[in-house]
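Notes for the one structure printed next.
No lab work stands behind these numbers, since they all come straight from the coordinates. Source: prediction; values computed, not measured. Virtual Cβ from ideal backbone geometry, glycine too; neighbours counted across all protein chains shown.
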Amino acid sequence: MYPEIMLIPMREELTRVGIQELRTPEEVDRALANQAGTTMVVVNSICGCAAGRMRPGVRRALQHPNRPENLFTVFAGQDPQATDRARSYFTGYPPSSPSIGLFRDGQLIYMMQRSDIEYRDAEEIAAELTVAFDKFCAKTASANR
């Protein structure tokens, strides 16, 4: 575990754009259990691919008009119980840091794992996320009436 003072900028890179940090298993359960609508959970990390690729890509993707209604993050290696609990919702996927899960009405519908992140740049990650946002988070015309 790293000293908390070192992690503040890494945490704030996501919380500054409106992503709520979850630091305990109880916070994860309250946030994800019976969640209505679309929810994104970002597993943050201290690694270079999180710093140079994932976090900037997430920030760019959240500028897109279609985006998840609920935004959460946990920090792997720093808040291990919260991270383990969040990962328990990523059914069918092994633990991966960093990673991004997208849920609709509590069901996992999209997953971006480390293997999808580590060889792409931030723009490519943002582009893939916006495609997922358009597919899973766009409001239908009838819902906007």
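About the Cα centre of segment 1-102, what is the dipole size in debye to 20, counting +1 per Lys and Arg Cβ and -1 per Asp and Glu Cβ, all else neutral?
Details: 11 positive and 10 negative charges, 81 e Å.
Once rounded to the nearest 20, the dipole reads 380 debye.
P(r) of the chain in 10 Å steps, Cα pairs, percent per bin?
Spelled out bin by bin, the chain gives 12, 45, 35, 7, 1 percent.
Through the Karplus equation 6.51 cos²θ - 1.76 cosθ + 1.60, θ set to phi - 60°, convert the phi angles of segment 35-46 into ³J(HN,Hα) values in whole Hz; use x for Gly and Pro.
Residue by residue, segment 35-46 yields 6, 8, x, 9, 9, 10, 10, 9, 8, 6, 7, 8 Hz.
Mind listing the phi-derived Karplus ³J(HN,Hα) values for segment 78-95, rounded to whole Hz, using 6.51, -1.76 and 1.60 with θ = phi - 60°, and x for any glycine or proline?
Computed from phi, the couplings for segment 78-95 are 10, 10, x, 5, 5, 5, 4, 5, 4, 5, 5, 7, 8, 4, x, 10, x, x Hz.
Which whole-Hz couplings ³J(HN,Hα) result when phi for each residue of segment 22-33 is put into the Karplus expression 6.51 cos²θ - 1.76 cosθ + 1.60, θ = phi - 60°, listed in order with x for Gly and Pro?
Ordered by residue, 3J(HN,Hα) equals 10, 10, 9, x, 5, 5, 4, 4, 4, 6, 9, 5 Hz.
Between the helical axis of 122-136 and the dominant principal axis of the chain, each derived from Cα atoms, what acute angle in degrees is found, rounded to the nearest 10?
Helix 122-136 sits roughly 40 degrees off the main axis of the chain.
In terms of modelled amide H atoms, which long-range or inter-chain residues lie less than 5 Å from the amide H of Asn70?
The list, which skips near neighbours in sequence, is Thr38, Thr39, Met40.
Under 8 Å for C-alpha pairs, at least 6 residues apart: give me the relative contact order for segment 4-132, rounded to a whole percent.
On the way: 213 pairs, mean separation 43.8, N = 129.
RCO, segment 4-132: 34 percent.
Would you please put 86-99, 40-53 in order of how densely packed they are, using the mean number of other Cβ atoms within 10 angstrom per residue and starting with the highest?
Values: 86-99: 17.6, 40-53: 21.1.
Order by mean packing, descending: 40-53, 86-99.
What value, in deg cm²/dmol to 500, does the helix sum -39500 (n - 2.57) over DSSP H runs of n ≥ 4 give at 222 nm once divided by the residues of the chain? Present the calculation step by step, with values, prior to reporting the outcome.
On the way: 6 runs with 55 residues, N = 145.
Calculated at 222 nm, the ellipticity per residue is -11000 deg cm²/dmol.
Using label points projected 7 Å from each Cα along Cα→Cβ, tell me how many nm separate Ile109 and Arg16, to one decimal.
So the two model labels end up 3.0 nm from each other.
Based on alpha-carbon atoms only, what is the radius of gyration of segment 76-145 relative to the globular estimate 2.2 N^0.38 Å?
Values: Rg = 14.1 Å, N = 70, 2.2 N^0.38 = 11.1 Å.
Relative to the 2.2 N^0.38 Å estimate, segment 76-145 comes out at 1.28.
For Ser99, what residues show an amide H to amide H distance below 5 Å, using hydrogens built from the backbone and excluding near sequence neighbours?
Amide H to amide H, under 5 Å and 5 or more residues apart or across chains, Ser99 pairs with Val43.
What nm value, rounded to one decimal, do you get for the distance between Asn34 and Lys135 when each label is placed 7 Å out toward the C-beta?
Between Asn34 and Lys135, the simple spin-label model gives 3.0 nm.
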